[in-house]
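For reference, the structure discussed in these notes is given below.
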Amino acid sequence: MKKTFISASVASVLALASFGALAEGPSFYGRLELALTHTDTAATLQGGTNGIDTANYADENNAGTYLENNFSLLGVKGSEKIADGFEAIYQMEFQVENTSSKGDVFKARNTYLGLKTNAGTVLVGRNDTVFKQAEGGVDIFGNTNADIDRLISAQTRSADGMWYYSPKIAGLVTLNATYLFDDNDTSAKTSESLYALSATLGDKAFKDQNYYVAVAYNKGIDTVDAYRGVAQVKLGQFKIGGLFQNSESVFNDAIEGNTYFVNVSYDLNGVNLKAGYGVDEAGYGSYFKNLSTNDFRKDSVANLAITDTDINVQNFNVGADYRLAKSTMVYGQYAMYTGDYKLNGGAKIDLQDDNVFSVGVRYDF
C-alpha cells in the first residue's frame with residue numbers, strides 16, 4: 001500500500017512537471033459538453049448516444065430522454081519557427097465518448113502536421129475538408145442534434161490527405177484546397193481523384209469585416225459531387241446567414257437535389273437568441289437516411305436502380321445560449337424535423353416527425 005502511494009505520488013509529480021513543460025510550448029485544451037435530450041425518434045441524436053436502437057429508428061421504443069455527448073474532446077496544438085519565413089504547426093485532437101456503451105472511449109478528430117510560409121499553409125493528416133470549413137459560422141446550432149449535417153452531405157473530416165490555405169489576398173480572400181490520396185479511400189470506390197476547393201471572402205469571426213461569403217466544390221468525398229454557397233452578415237446585434245448546396249451521387253446521377261438553410265441570431269444582453277429553417281431535397285442527411293433506411297452513400301443495387309427522387313424534408317430550430325463565464329455556456333433548444341419522399345414515381349411515403357428538446361452545458365478549458 002505504501003509503495004503504491006509513493007509510486008502514485010511520483011507519477012503525479014512527473015505529470016505536473018510534464019504539463020508545465022507543455023505549457024511553455026504546445027497548448028493543451030479540451031471541451032466537456034453534455035445535453036439532456038427528449039426525442040420522438042432518436043434519428044437525429046449523436047451517433048454514440050447510449051440506448052438507441054439504430055437498426056430501427058422508427059421504433060416507438062426509441063422515443064424518450066437521452067444523455068448526449070456533443071463532441072467532448074481533448075487536444076494539443078502549437079507552432080514553432082524553424083527558419084526565417086517557415087513555421088511548423090501541429091495539432092492532435094481526440095473526441096472523448098463519455099456516454100457510449102461501447103469501448104471506443106477515444107475517436108480521431110483533426111490531427112495533422114503542417115508548414116506555414118509566406119506562400120500559404122500546407123497540412124498533412126486528418127482534418128475537416130475545405131468544403132466543410134466553407135460553412136464558416138453559419139451553422140449556428142453546430143455540434144448538436146440541430147447541426148446542418150442532419151440535412152446536408154459532405155460535412156466530412158477526412159484522413160490521409162493534404163490541405164492548402166493561401167495567404168489572405170488583399171486582406172479579404174483566401175483560396176483553399178483538400179486532396180485525398182486515392183489508395184486510402186474506402187468509400188467512393190471511383191477512379192476519379194477526391195478533392196475539395198473553396199474561396200472565402202471576409203471574416204467568419206466578424207473581427208476584421210462584418211460579413212463572410214464562401215463558395216466551395218466537393219469532388220467525390222463522402223460519395224457526392226457537390227457545390228455550395230454560404231453568406232453571413234453581422235448587423236449590430238443581429239447575425240443573418242444562409243447556405244445553399246447541390247449534391248449528386250457519384251454512383252447514380254439520378255440521386256441529386258438541393259439543400260438550403262436560412263437563420264438569424266440576436267445578442268440580447270449576452271443571451272444569444274437564434275432560429276433557423278432548412279429544406280432538403282437531396283436525402284443525404286442523417287434524418288432522412290435513418291428514418292427512410294435509404295443510404296445513398298452506398299453503391300447498392302437498389303440505389304443504382306433509382307431513376308428519380310422526390311424528397312421533401314423540412315427542419316425548424318429555435319434556441320438560446322448564455323455564457324456564465326468565458327469557459328462555461330448553458331443552452332436550450334428545440335428542433336423539429338418532418339418530411340416525405342417518393343422514389344421512381346412511386347407512392348408518397350411520410351417520414352416520422354421528430355421533435356427534439358435539449359438543454360445542455362459546455363465547459364471549455
### Query
Under the condition of being small (Gly, Ala, Ser) and closer than 21 Å to LYS207 by Cα, which residue from segment 124-140 is surrounded by the most Cβ atoms within 10 Å (Cβ to Cβ)?
ALA134
## Note on the structure
Residue hits (segment 64-84; among the hydrophobic types (A, V, I, L, M, F, W, C) and touching a strand residue (DSSP E or B) at 6+ places or on another chain (Cβ under 7 Å)) are LEU67, PHE71, LEU73, LEU74, VAL76, ILE82
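Counting residues that are out of contact with any strand residue (DSSP E or B) (no Cβ under 8 Å at 6 or more places or on another chain) and of a type in the set (A, V, I, L, M, F, W, C), which strands (runs of 3 or more DSSP E) fully inside segment 261-365 reach at least 1?
Once the strands (runs of 3 or more DSSP E) in segment 261-365 are filtered for at least 1 residues that are out of contact with any strand residue (DSSP E or B) (no Cβ under 8 Å at 6 or more places or on another chain) and of a type in the set (A, V, I, L, M, F, W, C), nothing remains.
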### Message
Given the condition modelled with pLDDT under 95, farther than 27 Å from VAL264 by Cα and in a loop (DSSP other than H, G, I, E, B), answer yes or no: does some residue in segment 204-217 qualify?
### Response
no
### Message
Quick test for you: out of ASP222, ASP295, ASP208, pick the one residue that is acidic (Asp, Glu) and within 18 Å of the chain's Cα centre (by Cα).
### Response
ASP222
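Residue check: is LEU197 farther than 24 Å from ASN315 by Cβ and either in a strand (DSSP E or B) or not basic (Lys, Arg) (or both)?
It is true that LEU197 is farther than 24 Å from ASN315 by Cβ and either in a strand (DSSP E or B) or not basic (Lys, Arg) (or both).
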### Message
Looking at segment 125-140, can you tell me whether even one residue there is more than 30 Å from ASN355 (Cα to Cα), part of a loop (DSSP other than H, G, I, E, B), more than 13 Å from the chain's Cα centre (by Cα) and not β-branched (Val, Ile, Thr)?
### Response
no
#### Entry: Checklist (1) of a type outside the set (S, T, N, Q); (2) at pLDDT below 95; (3) closer than 19 Å to SER153 by Cβ applied to TYR260, failing item
(2)
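The values are calculated or read from the model by the stated rules, or taken from the named source; none is laboratory data. These figures come from a predicted structure and were not determined experimentally. Using ideal geometry, Cβ is built from the backbone for each residue, glycine included, and neighbour counts are taken over all protein chains shown.
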